[in-house]
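The values are calculated or read from the model by the stated rules, or taken from the named source; none is laboratory data. Every value quoted in this text rests on a predicted model; they were computed, and no experiment measured them. Each accessible area value is taken on the protein alone, full model and side chains, heavy atoms only, with ligands, DNA and RNA left out. Shrake-Rupley method; radii C 1.70, N 1.55, O 1.52, S 1.80 Å.
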Amino acid sequence: MRTLIILTFLAVLVMAATCYESRESMESHEHYYPFINRRRANDFIQADTRLGAITQERIRERTKAPHERQREICEDYYPCELYAYRHGYAAAYKHYFGKRRTK
């Protein structure tokens, strides 16, 4: 009987030591309600300031400068690209595509 009382007392001590709620854990109030509402969830996240820059870049990709379009056309045609390595893309485009004749 004495050993049963000692074991019960030790079990209560172990349970009290491991299940102790500290004051810091109660300050966060997550113990009562672990979820936060939508408004508070977005408070710590800053709006992405790069979104405007990305949008502007997408717009610039749609409207390319004429020399950029000429360079891409020249890069797609292998002889023009080889000519561009020696003389530049403007001269290569003019050499291969600038003298187009219509019948």
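Restricting attention to the stretch 63-89 and to residues that are under 35 Å from the mean Cα position of the chain (by Cα) and among the hydrophobic types (A, V, I, L, M, F, W, C), the residue that is least open to solvent (accessible area, probe 1.4 Å) turns out to be CYS74.
Scanning the stretch 1-18 for residues that are of a type in the set (Phe, Trp, Tyr) and not in a helix (DSSP H, G or I) turns up nothing.
Taking ILE59 as the residue in question, decide whether it is modelled with pLDDT of 75 or more, part of a helix (DSSP H, G or I), among the hydrophobic types (A, V, I, L, M, F, W, C) and within 25 Å of the chain's Cα centre (by Cα). The answer is yes for ILE59.
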